[in-house]
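These notes concern the structure reproduced below.
The values are calculated or read from the model by the stated rules, or taken from the named source; none is laboratory data. The model shown is predicted, which means the values in this text are computed figures rather than measured ones. Quick reminder, even Gly has a Cβ in these numbers, built from the backbone with ideal geometry, and neighbours come from all protein chains shown. For accessibility, only protein heavy atoms count, side chains too; no ligands or nucleic acids. Shrake-Rupley method; radii C 1.70, N 1.55, O 1.52, S 1.80 Å.
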Amino acid sequence: MTTAEDAAVSTTREGAVATVTLLRPGLSVAVKTQLRDALHEVAADPSVRAVVLTGSGRAFCFGQDLAEHAKVLDAGASTALSTVTEHYNPIVVALATMPKPVLAAINGTCVGAGLGFALACDLRLAAAGARMGTAFTAIGLTCDSGLSASLVRAVGSSRAAELVLLAETFTAEQAQGWGLVRDVLPAAELADGAAALAAHLAAGPTSAYAESKALMADPHLVEVLTAEGAAQARLGRTADHHGAVRSFLAKEKPSFSGR
Ligand SMILES: CCCCCCCCCCCCC/C=C/C(=O)SCCNC(=O)CCNC(=O)[C@H](O)C(C)(C)COP(=O)(O)OP(=O)(O)OC[C@H]1O[C@@H](n2cnc3c(N)ncnc32)[C@H](O)[C@@H]1OP(=O)(O)O
């Protein structure tokens with residue numbers, strides 16, 4: 001039973017629209033498990049006909065909580081990989097296969113697995129100036145949360161390679177120019193803008209949306225997620241990854257040996 005102070009994710013309802021909010025930007029085990037469970041709940045609820053995924057405060061999602069992750073790495077915990085199979089992958093599959101429209105309202109910084117989650121949604125709105133990025137290679141990892149396929153599908157292989165290999169952040173405005181984001185709104189108007197679009201979709205032909213999503217979905221999603229998990233398992237043991245996480249937390253520039 002999650003008590004109020006433990007709540008890392010909240011779900012609110014406005015008519016047939018459910019809004020799932022990440023209350024913390026770092027994907028800790030608590031955030032991931034509560035997000036996975038919240039998405040399963042709204043997916044199974046026939047009275048929910050559209051879903052909004054958003055964050056709170058300045059950030060949408062920072063990706064894996066690196067402070068928590070460092071403890072797992074230091075402990076050499078074999079559970080580290082299960083986070084991909086038990087947390088990340090079920091969240092992405094829930095978003096991508098939910099039989100109703102899912103909007104990401106990107107209220108602020110959106111990087112790493114956070115970007116993967118946003119791209120697993122059907123539509124994206126973003127706050128003006130929100131920074132987005134892949135982040136993975138900057139800490140010696142590769143894509144997960146389906147991003148190795150969803151980013152290529154969204155922006156093309158050339159730009160996807162640039163975004164993954166260079167791990168530079170980009171703005172919501174740039175994302176809009178690439179077709180990644182439907183609309184960029186002033187931060188103060190994002191929630192209302194997302195609510196209006198979600199309400200419009202919630203009043204629409206839900207079965208037709210579900211069938212359309214199924215037809216347009218990536219037929220290789222599960223295969224992609226499995227391959228990403230295997231790659232993360234290999235990379236998660238590298239000195240580069242361990243060193244980069246330590247450097248990030250120490251606010252130092254990482255150095256990479258290439259292994
Ligand atoms: C040994 C056995 C191993 C077995 C196998 C292991 C498997 C390993 C793999 C497991 C699966 C991993 C899945 C990974 C998913 C991911 O998402 S990886 C990517 C993680 N995210 C990042 O790397 C992003 C890091 N953050 C940044 O790049 C920047 O912070 C930013 C997001 C671009 C924002 O920059 P800016 O606006 O300049 O703000 P900052 O000052 O940098 O940050 C503000 C505060 O927030 C803290 N913070 C930011 N990101 C994180 C994070 N990811 N985790 C924890 N904390 C974060 C940052 O430290 C600042 O904190 P304060 O200094 O206290 O304010």
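Points to keep in mind about this one:
- Accessible surface of the chain, 1.4 Å probe, proportion on carbon and sulfur as whole %: 58
- Shape class for region 83-133, computed from the alpha carbon gyration tensor (a ≥ b ≥ c): oblate, with a/c not under 1.5 and a/b at or below b/c.
- For the chain, the solvent-accessible area works out to 47 Å² per residue, with a probe of 1.4 Å and every protein chain left in place.
- Cα gyration tensor category, rounded, prolate or oblate, for region 194-252 with a/c compared to 1.5: oblate
- Approximate spin-label separation Ser157-Ala70, in nm, with each point projected 7 Å along Cα-to-Cβ: 3.8
- Here the chain carries DSSP beta bridges of which approximately 30% are antiparallel, counting only pairs with both residues inside.
- Orientation-averaged projected area, Cα convex hull of region 20-79 (nm²): 4.8
- Dipole in debye (nearest 20) - region 17-151, about Cα centre, beta carbon charges: Lys, Arg +1; Asp, Glu -1: 340
- Principal semi-axes in Å for the chain [√(5λ), Cα gyration tensor, largest first]: 29, 20, 18
- Charge dipole (debye, nearest 20) of region 28-83; +1 at Cβ of Lys and Arg, -1 at Cβ of Asp and Glu: 140
- Each label point was placed 7 Å from the Cα along the Cα-to-Cβ direction; for Glu14 and Ser212 their separation is 2.1 nm.
- Unsatisfied cross-links (Cα-Cα over 31 Å) in the set Lys100/Lys251; Lys71/Lys100; Lys32/Lys253; Lys32/Lys251: Lys100/Lys251; Lys71/Lys100
- Note on region 78-181: Rg/Rh from C-alpha atoms, Kirkwood Rh, equals 0.95.
- Percentage, to the nearest whole number, of Cα pairs in region 53-138 over 23 Å apart: 27
- Of the GluC sites (Glu not before Pro) in region 169-257, the ones in a loop by DSSP (not H, G, I, E or B) with at most 15 other beta carbons within 10 Å are Glu252.
- Rounded to the nearest 10 degrees, the inclination of helix 29-44 to the longest alpha-carbon principal axis of the chain is 30 degrees.
- Debye log10 I(q)/I(0) at q = 0.13 Å⁻¹ for region 145-259, Cα point scatterers: -0.81
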